[in-house]
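One structure is given here, and the rest of the page talks about it.
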Amino acid sequence: MKDAELAALAQAGDRDAFGELVRRHAAQARRVARAILGDPDEADDAAQDGFLAALRHLGRYDPARPFGPWLLRIVANAASDRQRRRKVRRAEPLSPRMHDAEPGPDTVTDRSSFRQAVLAALERLPERQRIATVLFDVEGYSHKEISEVLGVPIGTVRSDVFHARRTLRTELDAWKDWRESE
Amino acid sequence: MSDTSPFDHRPDPELGRALEDALSAPDDERFARQVMAAADSVFGAGGSDSWWQELTAWARPGLVAAMLLIAAGAFWIGSQMGQRGNGSGTGALGDPLSAADSEQLGVPVLLAGGEAPSVDAVMAVAFEY
């Protein structure tokens, strides 16, 4: 069954239909939220907020358009809101960045450390670039779909993906064996 | 990875795998169960987009439509009055005194009087228009 059909059923009160939508899009939504927030628990809370907001406003979903970008836009907004609130709550400056304490690439080979390096590199990107490159390189969304998620022109998405990739590649190329570890 | 141009319009599988591996959290099923548990309160509350939410969503366009309707009505009434005034040959507003003489009531007559008009007079003018 297509997402749009499930969305129509969910709007009519079909709990199972909404459950199927959640299962289909859970992984994507969690990744996008984590790309914005970093912390996995907060990301899950934001993703859940996004799903519930989407459920409440299913009437505004246009079934002629793909469901994924519509949902991810809501999730990204929920995560961004949390990020803003978190920044306001923080009275002290941000903790030192992870990469300052990272061991050199030659001394670390395990996947866990590489994963931390990827997250740290991602954290240093502006939020919109983070979302754009995750949606493009991980989730396989087109520039046009990403422009709908982010609410920016396609050209801006191309630029964001370009800058994000360039930064990530520069930082991750220092890890000599990261490609082999994949 | 560095052998792929950042301008490339295709997804970069290596970068994609690295990001996916770093960002993916375990146990999507458990997460889905948590979401559904929270969603039960929404379903219990009458599902999505209850009638008052729909009403709220329509409030602003409804107000705009009402204002446009009022403006159009005022314009129409104004143009009707202008035509009547032109027909009597006494200018746009007409001559309130001559109107009074002919026992024909109108808005200018009501406004020209020194005292507040009676309810009957106001009703008569309203029905006339």
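The values are calculated or read from the model by the stated rules, or taken from the named source; none is laboratory data. Since we're looking at a predicted model, the values are computed, not measured. Note that we place each Cβ from the backbone using ideal geometry, even for glycine, and neighbour counts take in every protein chain shown. These accessible areas exclude ligands, DNA and RNA; they are computed on the full protein's heavy atoms, side chains included. Shrake-Rupley method; radii C 1.70, N 1.55, O 1.52, S 1.80 Å.
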Kindly provide the set of residues from segment A:33-81 that are of a type in the set (D, E, K, R) and outside any loop (DSSP other than H, G, I, E, B), ordered by number.
-> A:Arg34, A:Asp41, A:Glu42, A:Asp44, A:Asp45, A:Asp49, A:Arg56, A:Arg60, A:Arg73, A:Asp81
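Could you pull out the residue among A:Val118, A:Val149 that is facing chain B (nearest Cβ under 9 Å) and in a helix (DSSP H, G or I)?
On the way: A:Val149 fails: facing chain B (nearest Cβ under 9 Å).
So the residue among A:Val118, A:Val149 that is facing chain B (nearest Cβ under 9 Å) and in a helix (DSSP H, G or I) is A:Val118.
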What residue, among those in segment A:1-27 that are more than 10 Å from every other protein chain (Cβ to nearest Cβ) and assigned to a helix (DSSP H, G or I), is surrounded by the fewest Cβ atoms within 10 Å (Cβ to Cβ)?
-> A:Glu5
Within segment B:9-46, residues at the interface with chain A (Cβ under 7 Å from one of its Cβ atoms) and of a type in the set (D, E, K, R) come out as B:Asp12, B:Glu14, B:Arg17, B:Glu20, B:Asp21, B:Asp28
Look through segment A:130-162, keep the residues that are open to solvent by 30 Å² or more (accessible area, probe 1.4 Å) and among the polar types (S, T, N, Q), and return whichever of them is farthest from A:Val75 (Cα to Cα).
-> A:Ser159
